[in-house]
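Where a number appears in this text, it was derived from the coordinates with a stated rule and is not lab data. These numbers were taken from a predicted model, which means no experiment stands behind them. Because the Cβ atoms are built from the backbone with ideal geometry, glycine has one as well, and the counts that use them run over all protein chains shown.
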């Protein structure tokens, strides 16, 4: 009923949003003298803010083309190279001719390393990693997991749980091919580690050269944050009874049981309620002042932040139980379709962990726990980095990511690609 109520409320707001849009446009028309008065600017700003707060935010575009490489613009096209009902694997294909001209080499000589970004399936779309993609595009072949909003997947396509997620990840690593570097951002840490552990145990030739975990809850018992404590304080039955709802018509996934994105968004906002209130108050003030740069930055951030997706019931509840309540991976009790997960079997996939000093989602130590689990890896193939002065979002986006974290990740990947090449030559 809650999902249907939210949809009805959204529909009921349409006339009011239309009125707000008309008011805003009328007051901003260059021929309307009232628009230049203080009262006119305030009224237009209020209408803009109302429309912003009541809008439905759909999945954003990638907007990564063109990318600047060695001072030249190189066009990038987004193509789907693998697809299943709950996920598409996207490749950011750079124009080879333009890339060759930028590098001053022939197209055939371009052999950039491949990196697979495993985006979180925790409420936001994969486009949240747009900045991560842009950081790697100049010198890598970039792939990303584009998870599908559960409300768009018909019930006839079946269920999708954490075990299915792990199998999807393994298939996509194989699709990218041997010699790739896998980066798991936040939520995917445990399932990505599980997938690579299974590949290592099977001696799968497609297993990657390196794996990087960024702000991931590998062991959520360490430095527990507010979300970690909530997951442990509430019984499993509470999540099942209070947070799972049925997708209404006319969505393609009507009748599917999901954890709605709007509930996840509510939780995110409540964690930093005052900060969001201040941001929107400042947005109103900047609209009145006519500060276009500041208002554009606000819109860019919130267009992404407020765009959310639903998660299937079984995926969400299994994640709550296995990762945040029973801690099955660090306890050595995790299984995939009944098969034990043994990270200690990983012996030749280099490991890098990255954490943020001020991360309020995955506390310090949660990601570092991967090193203890990968006991079969020599120390020379393991690195850890805690980035000063960044929170959860800053681990994979923003200025410090571009200037400090991404270069460190690239150097790590390059180092172990050279190690692998040297080993094969020997």
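Taking only Cα atoms, what is the 0 to 90° angle, nearest 10, from helix 273-289's long axis to the longest principal axis of the chain?
Relative to the chain, helix 273-289 is tipped by roughly 50 degrees.
Defining a contact as two alpha carbons under 8 Å apart and six or more residues distant in sequence, what relative contact order in percent does the chain show?
18 percent
What's the exposure ranking of 273, 316, 236, 57, going from fewest to most Cβ atoms within 10 Å?
Listed from fewest to most nearby Cβ atoms, that is 273, 236, 57, 316.
Which value at 222 nm does the chain reach when only helices count, each DSSP H run of 4 or more adding -39,500 (n - 2.57), with the total divided by all residues and rounded to the nearest 500 deg cm²/dmol?
It comes out at -12500 deg cm²/dmol, rounded to the nearest 500.
Could you check which residue among 124, 416, 276 shows the biggest mean-square fluctuation in a GNM of the chain with a 10 Å Cα cutoff?
Checking each option, the largest mean-square fluctuation is seen for 276.
FRET efficiency for residue 339 and residue 80, Cβ-Cβ distance as r, R0 = 25 Å, nearest 0.05?
The computed FRET efficiency comes out at 0.30.
Using DSSP, restrict attention to beta bridges with both residues in the chain and report what percent are antiparallel, rounded to the nearest 5.
Once the DSSP bridges in the chain are tallied, antiparallel ones form about 50 percent.
How big is the gap, in Å, between the Cα center of segment 107-131 and the Cα center of segment 323-356?
22 Å
Quick check on packing: order 252-265, 133-146 by the mean number of other C-beta atoms within 10 Å, highest mean leading.
Highest-to-lowest ranking by the protection proxy: 133-146, 252-265.
Test of understanding: ordering 300, 148 by Cβ neighbours within 10 Å, fewest first, what list do you get?
Fewest-to-most Cβ neighbours within 10 Å comes out as 300, 148.
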